[in-house]
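K.L.:
Have a look at the structure that comes next, please.
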Amino acid sequence: MFETLSDRLTSVFSSLRSKGRLSDADIDATAREIRIALLEADVALPVVKAFVAQVKERARGAEVSQALNPAQQVVKIVNDELIEILGGETRRLRYAKTPPTVIMLAGLQGAGKTTLAGKLARWLREQGHTPMLVAADLQRPNAVQQLQVVGERAEVAVYAPEPGNGVGDPVEVARRSIDEAKRQQYDIVIIDTAGRLGIDQEMMRQAADIRDAVSPDEVLFVVDAMIGQDAVTTAQAFMEGVGFDGVVLTKLDGDARGGAALSVRHITGRPIMFASTGEKAEDFDAFHPDRMASRILDMGDILTLIEQAQKTFDEDQAAKMAGKLTSGESFTLDDFLEQMMMVQKMGPIKNLLGMMPGMGQMRDQLNSIDDRDLDRIAAIIRSMTPGERQDPKIINGSRRARIAAGSGVTVSAVNNLVTRFFEAQKMMKRMAGGMGIPGMPGGRGKATKAQKKGKKGRRVSGDPRKAALGKASSASDETEPAPPKQSGVLGNLGGKLPPGMQLPPGFDPSKLNLPGPK
């Protein structure tokens, strides 16, 4: 969503990196480019003015003029201000002291309230809670049935005493749901309310009546991140008519310009609490202003990537694989398939790579990545016999033709997979051998006991006669004469450089005309 804004800001900062010192003209030009980038991203004008004014004020201060790298300091200032405009810090849900905690969803029709209710319930269930969904949208056709389907997929209970489609009183349903939750011992109630295509008094009155009937602990305003400036107008209307405690952004995976995310919080003063980034139930998480600002500035989102990996990868399987690598056991195609399936569970490969710093410059390559390639690789491996997976060296021409026919690919695709696997297997063996890194298992840099013993200094006896005998034996043990000591800056390195890097014969480094210390 923030691709255009990210590209513009990245180009602005790249032009600053060549400057050792920033003048007022440079700061004004940078501020102008930032203003244009924000306006093109559909950010509200009052937000743009406040943001640019704060950046200019800080950029003209001592923190930039005295910085060793002014360009990086300006990037830091923009990052700090983006974090501030997005909410400053992550806002967590407030839970009731006495269950159940009541969460009411409000917003326009089409913003994705019903789908989001299921995502939020699933997210809370994973946090250890027992949520219950309440079908209080009785106006929209099949809204009750949709919530029941969403609840079934999220594996949470749904309270739907009325059929909907214009039948039933939503305020009474919401009121009775609290008693039902207490009776069934659900600790969280999520109420899905009705919306309209536009703002009207009937919708506002109904939402306010539900709010008064259940006294929710959190009222969340659900807004479609793709509607741009209308998001600000709608948010202001709901703030005045119903009031809300936090904002939930949906459809952040769309191709809109994303100005709503930067505008709603600043205009309403309410934090963005959650973000929905896809159609799947797991494409939902708490909103982190610092991580979003980092993504906008193409600095990656490593923390989210780590959290997704921790949720997806099984610790026992990871420990088993790590033990297999360090012990030097062979890395098989079964292991390769298992690791690939784990990575695929984390989400689209394009999204995962997009969380790495600097990937905005490779957006065209990322857009060309097709997750179906992983499915083809899995089909090829699953078309092999257990023996072929354990030892791919036995896969000859006829076997490759059989595997290609079984997986629906060409023989060249099988050849490419086998070749790449052999390369990966060699890399794994090098990792198991430590690749010569000191401290790694099997590494060539590991000192032997004899070497460690040799590092200890010889003990010199207090008896002068024994000390003389010790020096004599030490001199006789040396098989090579010590290299002549050279003077100059590089003189001490003459006999200590590794093979292939020794100084040429007769080279006298003391004759080099090196600059002296300043």
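The values are calculated or read from the model by the stated rules, or taken from the named source; none is laboratory data. Note that the structure is a prediction, hence the values are computed from the model and not measured. Neighbour counts are summed over all protein chains in view; Cβ atoms, including those assigned to glycine, are modelled from backbone coordinates with ideal geometry. When the accessible area is computed, the model is the full protein with side chains, heavy atoms only, and any ligands, DNA or RNA have been set aside. Shrake-Rupley method; radii C 1.70, N 1.55, O 1.52, S 1.80 Å.
K.L.:
Starting at the first residue of the stretch 375-386, write each ³J(HN,Hα) from the Karplus equation 6.51 cos²θ - 1.76 cosθ + 1.60 with θ = phi - 60°, in whole Hz, x for Gly and Pro.
P.N.:
5, 5, 4, 4, 5, 5, 5, 6, 7, 8, 7, x
K.L.:
When you count, for each residue, the other Cβ atoms within 10 Å and take the mean per peptide, how do 29-40, 264-275, 133-144, 382-393 rank with the highest first?
P.N.:
133-144, 264-275, 29-40, 382-393
K.L.:
Hey, how many Å between the Cα centroid of the stretch 265-296 and the Cα centroid of the stretch 89-156?
P.N.:
Their Cα centres are 17 Å away from one another.
K.L.:
Roughly what percent of Cα-Cα pairs across the stretch 140-223 reach past 16 Å?
P.N.:
Across the stretch 140-223, Cα pairs with separations above 16 Å total 57 percent.
K.L.:
Calculate, for the stretch 179-297, the solvent-accessible area per residue in square angstrom, rolling a 1.4 angstrom probe over the heavy atoms of the protein chains.
P.N.:
40 Å²
K.L.:
Same structure again: Using amide H atoms built 1.01 Å from N in the peptide plane, name the residues 5+ places from residue 284, or on other chains, whose amide H lies under 5 Å from its own.
P.N.:
Here 277 satisfy the definition.
K.L.:
For the stretch 119-176, state what percent of all Cα-Cα pairs lands in each successive 5 Å bin, counting from 0 Å until the bin that includes the largest distance.
P.N.:
The percentages, shortest bin first, are 4, 22, 27, 21, 16, 8, 2, 0.
K.L.:
Under the rule of at least 5 residues apart or a separate chain, name every residue whose amide H is placed under 5 Å from the amide H of residue 157.
P.N.:
The list, which skips near neighbours in sequence, is 133.
K.L.:
Rounded to the nearest 0.05, what FRET efficiency is calculated for residue 182 and residue 267 with R0 set to 45 Å and r the Cβ-Cβ distance?
P.N.:
So, using R0 = 45 Å, E works out to roughly 0.75.
K.L.:
Please compute the per residue accessible area over the stretch 72-155 with all protein chains in place, 1.4 Å probe, rounded to a whole number of Å².
P.N.:
Counting only protein heavy atoms, the per-residue value for the stretch 72-155 is 43 Å².
K.L.:
Follow-up question, since we're still on this one. What length, rounded to one decimal in nm, is gained on full extension from residue 72 through to residue 426, with 0.36 nm per residue of separation minus their alpha-carbon distance?
P.N.:
In short, 123.4 nm is gained.
K.L.:
Rounded to two decimals, what is the ratio between the C-alpha radius of gyration of the stretch 66-172 and 2.2 N^0.38 Å?
P.N.:
1.56
K.L.:
First measure r as the distance between the Cβ atoms of residue 84 and residue 200, then evaluate 1/(1 + (r/R0)^6) with R0 = 35 Å and state the FRET efficiency to the nearest 0.05.
P.N.:
Efficiency for this residue pair is about 0.50.
K.L.:
So, one more: Going by amide H atoms built from the backbone, whose H comes under 5 Å of the H on residue 101, apart from near neighbours?
P.N.:
It is 96, 188, 189, by chain and number.
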